[in-house]
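Worksheet: the structure to be examined is printed underneath.
Laboratory data are not the source of any read-out in this text; all were calculated from the coordinates shown. Not measured: the values here are computed from a predicted model. Here the Cβ positions follow ideal geometry from the backbone for every residue, glycine too, while neighbour counts run over all protein chains shown.
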Amino acid sequence: MQTDQILMTFFAGVILLGALGFYLGRSKAARTRAGGTHMHSQPDQYAWFAVLSSAGPAIIAAALAAIVLGVLETAFPGWLAVASALGLGAIGLFLGLNRIRPELRARDSLERTVKWVLLGAASVSVLTTFGILFSILFEAIRFFQMESFWYFITGTEWSPGDSFLAAAGREGGGDGAMFGALPLFAGTFMITAIAMLVAVPIGVSAAIYMAEYAPPVLRDVAKPVLEVLAGIPTVVYGFFAAITVAPLIVAVAESVGLEASFSNALAPGIVMGIMIIPFISSLSDDVISSVPTAMRQGSLALGTTRNETIRYVVLPAALPGIISATLLGVSRALGETMIVVMAAGMRPNLTANPLEDMTTVTVSIVSALTGDNEFGSAATLSAFALGLVLFVVTLALNFVSVMMIRRFRAKYAVNNL
Amino acid sequence: MSQSLDDISRQLKKRHRKSARMKWLSFGALLLAGVFLVLFLADMLIKGLPAFQQAYIQVEVNYSERASELPLAAVEADVRELVSRGYLRLIPNRMEANPDLLGTQRMEWVLADDEVDQYLQGADSSLSAKHKAVVDRLTEAGRAELQFNTGFFTNGDSKLPEMAGLASAAVGSVMLLIVTLAFAFPVGVMTAVYLEEFAPDNRFTRFIDVNINNLAAIPSILFGLLGLAIFINFFGAPRSSALAGGLTLGLMTLPIIIITARAALSSVPDSIRHAAFGVGATRWQTVRDHVLPLSMPGILTGSIIGMAQALGETAPLIIIGMIAFIPDAPTSFTQAATVLPAQIYTWASMPESAYVERTAAGIIVLLSVLITLNATAVYLRKKFEHRW
């Protein structure tokens, strides 16, 4: 509640200061101009100048205060920060109004400020990337100070189990905790592999049909259908996998005499594959469509059939793009959370049998952070170590994928990808 | 090596057959994707539609002195197990609010227990044979029936399936989207304007560009880790609040808004800019008065698509704790809240069979909202799209 009121006061204050600045600045400039003096800029520009000189300092001061408060939690009370920020804004308003004179180049300073504000906004996305990297990195380093890095990469037993006892200062707790993430990597790999086995053949074939064969009418229908498939929330896919597909697989496995777990790896894998089809098909479709028509014509003129042209000319040309689409699909599958949380198992299991239950990196992240463990415990921090692995792998995949598509683009001088 | 014409023509036929086969095979793949979609939607509808109907039974409620202390005493023993405990629990409150009720007796349609609901819907029910007989008798007498489930849209979450509804999650989703939009829309549009209209072509600009594309490919769960570390642990935003969740999703939707806004801005022809510069407008005036208004339909379309994605996102919200049990709708941005997909996730992990249909019904509602949003986006694009 406290935070709520402080934020409300601040925003109300800033808006009030800004409105005041606009009104006063504009009326002062209008009065001067009405007096017959030639002014450098328009009244509106003076008004915005006053707004910026009042609200600007207030917002900057408040942002600085928020950062200081983030580092040192009780450096000063929040209301004091808001009061001083608004006070600063009021001083800025006074000074800004004072500076409004005919020779002030309000338009130029407005232009400069706008540019800096826009640059600031553009930096938010850069800051986000670094924010993700560092917030994960710092906690991961804390984790690796407690647990061995090599065992994390190569160990085969994952049981964060009772490490919270150690964090609580209890004797003997934490001895049993093991952080060997290999079974998690194996589970993630297995489910991703199943997903790609479903998504790549179907996705690429669908793309071939759409780009090479489909009549325009069918294309107009099929594209939105695939988009709908891409727009379904993952939590919905997860429910579908857990409630419908998993029991189906168990039933089928039983009918052929195999034993399957209800949280087998096959169900989330298949459903994840369905989810990824549209990503692969839409990018592959774009790539295949941008293979130059001259290559098709050249091939057909040699007397090949349509199939042979596609197989021996179009697909090899489009291959970098298709690989790029596949890698993007892989990175999506690795980071997919809800489907595996809802349909895959919780038990770390190093096995090659997709009918058994196995768990993944993302499931372990979720279970580490939703349990009632102390934040500083190794069990919780392990989530960040796993997150770091996920971050590095997906970034690398994305990087290679971008390189591939760039190579394709350069080779065929395509601009629309 | 010589081949007769017959050989060649046979070979040719084979090749053409193969070609035709390939065509149908690839068509089959597309068809398969469509079949998946149809199967999936059908499955959700079959599972979810029953939840829009809820069993009510007509019982005699006895507002006696005793019932105000022991609500169970308000109804007769044979139907006691059939009435929702949530209804019974509220009897003392109602009697307190309305003292006239004391000592009266009246026939009322009351919410039935979820097992009665399941039984009337024809699903598996754990009701005992005795109770099933009572329900059958009530049905024959017209005293038990399925009615439209308004509670599903007006109630918050509940541990009793028959009382559980989407209202508090829907309010939470709306609040979350307000925060997301308030953050991502201005920042995203400003970034796009900077990159398209102001930025010099230097290394830093290219770095921002690459970075935005990378951001779009980072798994959503990592945004949850960021939100946990930065917004909650560092800036002290309240856990599970719409504020923390909205900002996290805002960062996640940012790349979508930036990419679509850039496309919209770059489709505005340069002649517009040149005309504005020609009459002495500054860069900012040109952008504000001409380029931005002209590209607004495209930017709005992108933002709606981004919002639709944020509405369906669950993983990062789980990380920052938005799966709490929230029976009442939040009234402020710093209160604990839950959202539609998180509610679906919570219900999906409930053991009672009545929750399965509620989960599917929640999914139907969520998908309808998403489809509406996306259809609006497509409509806007079609209606306002400018072909230069």
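The table below lists the values:
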{"quantity": "Helix B:167-193 axis, angle to chain B major axis (alpha carbon atoms, nearest 10°)", "calculated": "10 degrees"}
{"quantity": "Peptide-level mean, for A:217-229, of C-beta atoms on other protein chains within 10 Å", "calculated": "3"}
{"quantity": "Local net charge near A:Thr192, Cβ-Cβ under 15 Å (Lys/Arg +1, Asp/Glu -1)", "calculated": "0"}
{"quantity": "Segment A:217-293 versus segment A:310-376: alpha-carbon centroid distance in Å", "calculated": "13 Å"}
{"quantity": "Gaussian network model of chain A, springs between alpha carbon atoms under 10 Å - residue of A:Val198, A:Val341, A:Val71 with greatest fluctuation", "calculated": "A:Val71"}
{"quantity": "Leading residue at positive end of dipole, segment B:5-106 (Cβ point charges), from B:Tyr63, B:Val83, B:Ala42", "calculated": "B:Ala42"}
{"quantity": "Average other protein chain Cβ within 10 Å of Cβ, residues B:311-320", "calculated": "5"}
{"quantity": "Within segment B:125-166: backbone nitrogen closer than 20 Å to the B:Asp328 label point (7 Å, Cα to C-beta)", "calculated": "B:151-160, B:163-166"}
{"quantity": "At R0 = 30 Å, FRET efficiency that the Cβ-Cβ distance of B:Ala336 and A:Thr154 yields, to 0.05", "calculated": "0.15"}
{"quantity": "Listed residues B:Gly86, B:Gly245, B:Gly103, most fluctuating in chain B (Gaussian network, C-alpha, under 10 Å)", "calculated": "B:Gly103"}
{"quantity": "Residue of A:Pro278, A:Pro77, A:Pro102 that the Gaussian network model of chain A assigns the largest fluctuation, springs spanning Cα pairs under 10 Å", "calculated": "A:Pro77"}
{"quantity": "Listed peptides A:235-243, B:129-137, A:279-287, A:120-128 by packing density, highest first (mean Cβ within 10 Å)", "calculated": "A:235-243, A:279-287, A:120-128, B:129-137"}
{"quantity": "At least 18 Å along the helix axis (C-alpha) and Kyte average at least 0.5, DSSP helices within chain A", "calculated": "A:2-34, A:43-71, A:78-99, A:106-146, A:182-208, A:216-231, A:266-289, A:315-335, A:378-412"}
{"quantity": "B:Arg239, B:Arg203 arranged by Cβ crowding within 10 Å, fewest neighbours leading", "calculated": "B:Arg203, B:Arg239"}
{"quantity": "Positive minus negative residues near A:Thr244 (Lys, Arg vs Asp, Glu; Cβ under 15 Å)", "calculated": "-1"}
{"quantity": "Fully extended contour minus Cα-Cα distance, from B:Val210 to B:Arg239, at 0.36 nm per residue", "calculated": "7.2 nm"}
{"quantity": "The protein assembly as shown shape via C-alpha gyration tensor axes, a/c threshold 1.5", "calculated": "oblate"}
{"quantity": "Neighbourhood net charge (13 Å Cβ-Cβ; Lys/Arg +1, Asp/Glu -1) for A:Pro348", "calculated": "-2"}
{"quantity": "Partner chain coverage, peptide A:203-209 - average Cβ within 10 angstrom", "calculated": "6"}
{"quantity": "Qualifying lysines (Cα of each under 21 Å from Cα of A:Lys115; at least 8 residues distant if same chain)", "calculated": "none"}
{"quantity": "Candidate lysines for bridging to A:Lys223, where Cα separation is under 25 Å - those fewer than 8 sequence places away on the same chain excluded", "calculated": "B:Lys23, B:Lys382, B:Lys383"}
{"quantity": "Förster radius 22 Å - calculated FRET efficiency between B:Lys13 and A:Leu315 (Cβ-Cβ, nearest 0.05)", "calculated": "0.40"}
{"quantity": "Two-site FRET efficiency, A:Trp79 against B:Met107, from Cβ-Cβ distance with R₀ of 56 Å, rounded to 0.05", "calculated": "0.45"}
